[in-house]
Amino acid sequence: MNIGIDLISFHAPAYYLDLRVLAEKRGVDPDKFVVGIGQERMAVAPPDQDIVTLAANAALPIVEKAGRENIEMVLFATESSIDQSKAAACFCHRLLELPARCRCLETKEACYGATASLRMAAAMVAQRPQSKVLVLAADIARYDLSSPGEPTQGAGAVAMLVSAHPRVLALDPHSGFYTEDIMDFWRPNYREEALVDGKYSTRMYLTTLIEAWNDYQAQSGRGLADHAHYCFHLPFTKIAYKSLERLHKAAGVPLPPKEEQHRLVDYALRYNRLTGNTYAACLYEALTALLDHAPTPLDGQRLGLFSYGSGCMAEFFSGVVQRGYRQHLFTEQLRAELDSRVALTYRQYEDIFNYGVPRDGADHVFAPYRGGPFRLAGIKDHKRRYEPK
Ligand code: CAA
């Protein structure tokens, strides 16, 4: 029995900052951002959008298309949690009008959380093949203003319906994984912005890629040539090329010419270049981009996927694209959303950054901004109030 991603949908906030604007403000050559790290725009979430609304906005097209029956679990992966106790999945469960007979919980291991959730979802479906699991991943990536991480900020959410007989991607059972207790990127509870040792984190990403790949290869017996394309976790898109190079070096296979390198990784970078780092959602945003942009159909092709969560946890796994998958994508809807985003001035970006969601414990009402079908209307008596638009 095949198990995997039946439907997948990505959603980004309706605002962005062009990284050329940021470069000018910071006195940096814009090519450092656009070419050096491979980012063009960063998505910016306005005050009335948080991880709950971003995820519910991503998931609504899926539940409208597939129906709500048999969704027996919602797993919400995030490192931008809004509550120390209540799972963001519970808020989404109500907004999406899912059945009461449903388990809801939140998962965390930095950007790896969505992959952990996907694996747990597949295990549950293997036990109960009639059931479906909604996996949500949403994050708002924040670093200190003027820090090296600032140009890699971003925001967005992915929703995936996991089922038996999936219409988009069947997961292979084998995967390679690796963990090590390190401090490369973290966010203590008292901080809104992540702390990161940028160069060390990049080194560890690439080191653990090879550890996970070696384990995957040992488990599955597959080599590089068995994968038609690769999707990597994308803290910044340039890392996909560094990863491809590392993989070839580790496998003792010569790096292919530039054109072939582009074919292997570039389609998967198209959305992340425009949104920045979406942490837990990143890898699956890359998968969505590949499915939406590959010029020839990927039916029957095997993809290699690499998930990295700082702290750290890495997993390399694979899946086979299902025949006719193109009919089940939300490509046009997503393109329309991205094309209609509003560019912010530097001042507007900084104002939104500094406003955040107030932490003073007082009641607040948020003015409506552009965005998807759900919004955070305000906070009253320490409770977030969400509403459909
Ligand atoms: N034109 C073209 N390229 C230029 C350039 C110019 N004018 N100026 C610089 N560059 C290139 C550099 O040569 C460099 O390329 P290489 O890496 O290929 O050598 C690249 O631009 C970046 O330059 P620097 O290394 O000088 O950049 P930096 O020190 O300012 O920081 C960073 C880069 C460490 C990635 C930083 O953005 C950062 O800290 N980001 C956050 C942490 C992060 O993303 N870590 C990734 C792994 S951790 C992870 O994956 C989890 C997660 O999601 C956070």
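We did not get these values from a lab; they are worked out from the coordinates using the rules stated. As the structure is a computational prediction, the values presented were derived from the model and not from experiment. All Cβ positions, glycine included, derive from the backbone under ideal geometry; neighbour counts span all protein chains shown.
To the nearest whole percent, what portion of all C-alpha pairs in the range 274-320 is separated by more than 15 angstrom?
51 percent
Quick one: of LYS132/LYS238; LYS86/LYS380; LYS108/LYS199; LYS32/LYS258, which pairs are farther than 26 Å apart, Cα to Cα?
Pairs exceeding the cut-off: LYS132/LYS238.
Provide the convex hull volume over Cα atoms per residue for the range 60-187, in Å³.
Residue-normalised Cα hull volume stands at 144 Å³.
Say a paramagnetic label sat at a point 7 Å from the Cα of TYR190, along Cα to Cβ; which residues of the range 345-370 have their backbone N under 19 Å from it?
Under cut-off, by backbone N: 359-361.
I need ASP339, ASP172 ordered by Cβ neighbour count within 10 Å, fewest first.
If I rank by nearby Cβ atoms, fewest first, I get ASP339, ASP172.
Please find, in a Gaussian network model of the chain (springs between Cα atoms separated by less than 10 Å), the residue of MET160, MET120, MET42 whose mean-square fluctuation is greatest.
With Cα springs under 10 Å in the chain, the top fluctuation among MET160, MET120, MET42 is at MET120.
Seen from all sides and averaged, what is the projected area of the convex hull of the Cα atoms in the range 309-389, in nm²?
Over all viewing directions, the range 309-389 projects a mean Cα-hull area of 9.8 nm².
Loop-only trypsin sites (Lys or Arg not before Pro) in the range 177-224, please: DSSP not H, G, I, E or B, and at most 12 other Cβ atoms within 10 Å.
ARG191
Going by average Cβ neighbours within 10 Å, how do the peptides 179-189, 307-317, 372-382 rank, with the highest at the top?
Taking the mean over residues of other Cβ atoms within 10 Å, the ranking is 307-317, 372-382, 179-189.
Nearest 5 is fine: what % of DSSP beta bridges in the range 3-388 come out antiparallel, could you say?
75 percent
Where in the range 1-85 are there GluC sites (Glu not before Pro) that are in a DSSP coil and have at most 15 other Cβ atoms within 10 angstrom of their Cβ?
Filter output for the range 1-85: GLU69.
In the range 3-388, if the dipole is taken from +1 on Lys/Arg beta carbons and -1 on Asp/Glu beta carbons about the Cα centre, which of ALA123, TYR349, GLY276 is farthest to the positive end?
Looking along the dipole axis, the top candidate is ALA123.
Quick one: length gained pulling HIS382 to TYR200 fully straight, 0.36 nm per residue minus the C-alpha distance?
Gain in length upon complete extension: 61.7 nm.
Say the dipole of the chain comes from +1 at the beta carbon of Lys and Arg and -1 at that of Asp and Glu; which of GLN333, TYR369, THR237 then lies farthest toward its positive end?
Value: GLN333.
What number, rounded to the nearest 500 deg cm²/dmol, is the helix-based mean residue ellipticity at 222 nm of the chain, given -39500 (n - 2.57) per DSSP H run of at least four residues and division by all its residues?
-10000 deg cm²/dmol
Can you tell me the convex hull volume per residue for the range 1-139, based on C-alpha atoms, in Å³ to the nearest whole number?
Dividing the Cα hull volume of the range 1-139 by its residue count gives 138 Å³.
With a bin width of 5 angstrom, please list the P(r) values of the range 153-258 as percents of all Cα-Cα pairs, from the 0 bin to the one holding the largest distance.
2, 9, 16, 19, 19, 16, 12, 6, 2, 0
Which cross-chain or sequence-distant (5 or more) residues have an amide H under 5 Å from the amide H of PHE185, H modelled 1.01 Å from N in plane?
Result for PHE185 returns ASP197, GLY311.
For the chain, what relative contact order do you get, as a whole percent, if you take Cα pairs closer than 8 Å and at least 6 residues apart?
25 percent
Once the convex hull of the C-alpha atoms of the range 3-388 is built, how many Å³ does it hold per residue, rounded to a whole number?
Spread over its residues, the Cα hull of the range 3-388 gives 130 Å³ apiece.
Testing the spin-label approximation: label points 7 Å from Cα along Cα→Cβ at GLN301 and ASN2. State their distance in nm.
1.6 nm
What helices does the chain hold that run 24 Å or longer along their axis, going by alpha-carbon atoms, with a Kyte-Doolittle average of -1.0 or more, using DSSP H for the helix calls?
Span-like helices here: 198-220.
Can you give the Rg to Rh ratio for the range 38-90, taking only C-alpha atoms and Rh from Kirkwood?
Looking at the range 38-90, the ratio lands at 1.04.
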